[in-house]
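Each remark here refers to the structure printed beneath this line.
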Amino acid sequence: MKRIATLIIVIMGVFGIANAQGDYEAFTFSQADYLGTARFMGAGGAFGATGGDFSALSTNPASIGLYKRYEVSFTPMSLNFGYTDTYYHGDKSSAQKFRYTLPQAGIVMTHNIHRDNEWKSWQFGFGYNRIMDYNNTFRANTQVNSTLMDMVLNRVNGTSFNNLTGDGYLFWNSWLIDTISGTNDQYFSRFSNQDLDQRALVTRRGAIDEMVFSFGGNYGDKLYIGATLGFPFLDFKETTSYSEAPAEGGDLYGINNYTLFSEQRNSGTGVNLKVGIIYQPADFVRIGAAFHTPTYYWKVKDNFYRSMTTNYSNGNSNEDSYSNYNSFTLTTPLKFNVDAAFLIAKRAFISAEYEFQDYGMATLYEDNYDYVMENDAIREKFGISHSIRVGGEINITQGFALRAGYRLKTSPYKMTDSPYNNTTHFISAGVGFRGKVMFGDLAYVLRMNKDSYWLYDAYGAPCNYASKIHSVVATIGCKF
């Protein structure tokens, strides 16, 4: 198979032995957590109907119609500290990661129309919002009577050693698998049926940053419309180190241990269109809705590198590697959301949003490969995910505000009743200062996620992990 895309599967997948895992790529690159300004983050991202925040241009573009003045905003700091606990065969492992990111920058320009016109103003905005952050690290350590070699044997049996490629060649060339005496296409492994010390370390980096160009209008201070043309830039890198060694030390027929190292990098550019509307039937309430077309990523670059290092009891070692390059086209699922905001005496608001997305609609394409199996797997494994965002803000004084919010993104998996099902929770709080010209905001966000993945056997015991990421976000800006 042409597609060589492994180890993208750590969200829920198989440890992958040189086979396409395009269904998990489609799922991973279709996700959005909507990061952005500290005000947006502190109030749970629930600004679709509230409006007046740059990051809301990526959820409900009609929010731009609420702007009355020019505004420049910049979020120069998002400090993220994450730690992940992994549970595998009763053993617990932990990993930590610290990252610094720049999740937002933008400008909104407003043109006021003659007061006798029902159209009060037009707005134009451009900049970028970070809509997905992949940075995380986790590990799994255990002792178990199973091995990656068993999966390798299932895949290479029936193939002559002269025709082995990719992972099959790496394992055979390192003496981790060998031919059964008298055959040239049937194999065994010295690691089978042995108590082994297994270790895996996975590090993920990257994000999806969306460049947005938005246009909107205000009709009679009652109806607000908007559209955003988005250009998401995907940058993803994952490195995985997996090793096996005899649990009691020593060697297995002259082999002390081996380490399999993999690196996958994906990058690409997409395009989408979002349209939205907000209606204010009374001074104290606004309701809105938005539709997001699928994002079309063309020619996503897929670079994969894998190396094998085997250490022998005689002090020698063997190292071999291979790499693959490919590209593919991805169409992500469409989205639809509805919003409502309640305004309280011009000093506070409470808002809520609901977003619908069917991950089973993601589709992969390639000129020289039909992706029938991968697209069928997408339909089989992934379904509808519901997102709920609620938040509020209260102005304690004319220039000082407090905020709080909560977000829930439900599991997209069809075939699981486990609590480790990729359901994600966000809890946030924030403060803000507003002057006549300058403003500043600060937010704290806790992201909690539980999921499962399989080191190599999709029918064996999964690794269950619980991840928590603490973020501190700061935004500065000015109005004029």
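Before moving on, here are some points about what is shown:
- Qualifying residue in segment 368-389 (condition: among the basic types (K, R), free of Cβ contacts under 8 Å to residues at least 40 places away in the same chain and more than 30 Å from T416 (Cβ to Cβ)): no
So that you can scan it fast, the table gives a plain yes or no per residue for (1) closer than 30 Å to G166 by Cβ; (2) assigned to a strand (DSSP E or B); (3) β-branched (V, I, T); (4) over 18 Å from the mean Cα position of the chain (by Cα):
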site: Y242; (1), (2), (3), (4): yes, yes, no, yes
site: A245; (1), (2), (3), (4): yes, yes, no, yes
site: N256; (1), (2), (3), (4): yes, yes, no, yes
site: F261; (1), (2), (3), (4): yes, yes, no, yes
site: S307; (1), (2), (3), (4): yes, yes, no, yes
site: N318; (1), (2), (3), (4): yes, yes, no, yes
site: Y322; (1), (2), (3), (4): yes, yes, no, yes
site: N337; (1), (2), (3), (4): no, yes, no, yes
site: K346; (1), (2), (3), (4): no, no, no, yes
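- In segment 66-103, the qualifying residues are those that are farther than 11 Å from N464 by Cα and among the β-branched types (V, I, T), and the one that is modelled with the lowest pLDDT is T101.
- Residues that are over 25 Å from F213 (Cβ atoms) and β-branched (V, I, T) were ranked within segment 236-273; the one that is surrounded by the most Cβ atoms within 10 Å (Cβ to Cβ) is T240.
- From the options V437, V431, residue that is hydrophobic (A, V, I, L, M, F, W, C), surrounded by fewer than 16 Cβ atoms within 10 Å (Cβ to Cβ) and more than 30 Å from D150 (Cβ to Cβ): V437
- Pairs where the first residue, in segment 392-409, is touching a residue at least 60 places away in the same chain (Cβ under 8 Å) and the second is among the acidic types (D, E) and outside any strand (DSSP E or B), C-beta under 9 Å, 6+ apart: R407/D33; K409/D33
- R139 fulfils the conditions (1) surrounded by 15 or more Cβ atoms within 10 Å (Cβ to Cβ); (2) of a type outside the set (G, A, S); (3) not in a strand (DSSP E or B) except for a single criterion, (3).
- Within segment 398-423, tally of residues that are in a strand (DSSP E or B) and more than 18 Å from the chain's Cα centre (by Cα): 7
- Consider segment 177-235 and keep the residues that are assigned to a strand (DSSP E or B), at pLDDT below 95 and among the acidic types (D, E). The one that is surrounded by the most Cβ atoms within 10 Å (Cβ to Cβ) is D197.
- The single condition among (1) part of a loop (DSSP other than H, G, I, E, B); (2) touching a residue at least 60 places away in the same chain (Cβ under 8 Å) that F426 does not satisfy is (1).
- Search result, residues across segment 67-96 that are charged (D, E, K, R) and surrounded by fewer than 17 Cβ atoms within 10 Å (Cβ to Cβ): K68, R69, D85, D91, K92
- Failed item in (1) of a type outside the set (A, V, I, L, M); (2) assigned to a strand (DSSP E or B); (3) surrounded by 18 or more Cβ atoms within 10 Å (Cβ to Cβ), with F171 passing the rest: (2)
- A single entry from D33, D23 fulfils the requirement of being among the charged types (D, E, K, R), assigned to a loop (DSSP other than H, G, I, E, B) and under 21 Å from the mean Cα position of the chain (by Cα): D33.
- When segment 176-200 is limited to residues that are within 19 Å of E319 (Cα to Cα) and in contact (Cβ under 8 Å) with a residue 60 or more places away in the chain, the one that is farthest from the chain's Cα centre (by Cα) turns out to be R190.
- For segment 365-383, a residue qualifies if it is out of contact with any Lys or Arg (no Cβ under 9 Å at 6 or more places or on another chain) and part of a strand (DSSP E or B), and exactly one does: Y365.
- Residues that are modelled with pLDDT of 90 or more, within 26 Å of R199 (Cα to Cα), touching a Ser or Thr at 6+ places or on another chain (Cβ under 7 Å) and surrounded by 14 or more Cβ atoms within 10 Å (Cβ to Cβ) do not occur anywhere in segment 106-128.
- Filter result (in a strand (DSSP E or B) and in contact with a Ser or Thr (Cβ under 6 Å, 6 or more places away or on another chain)) within segment 74-97: T75, S78, N80, T84, D85, T86, Y88, D91, S93, A95, K97
- The residue that is modelled with the lowest pLDDT, counting only those in segment 411-463 that are among the charged types (D, E, K, R) and under 19 Å from F54 (Cβ atoms), is R434.
- E238 being closer than 30 Å to R130 by Cα and either at pLDDT below 95 or basic (K, R) (or both): yes
The values are calculated or read from the model by the stated rules, or taken from the named source; none is laboratory data. This one's a predicted model, so the numbers in the text were calculated from it and none came from an experiment. Backbone-built Cβ (ideal geometry, glycine too); neighbour counts: all protein chains shown.
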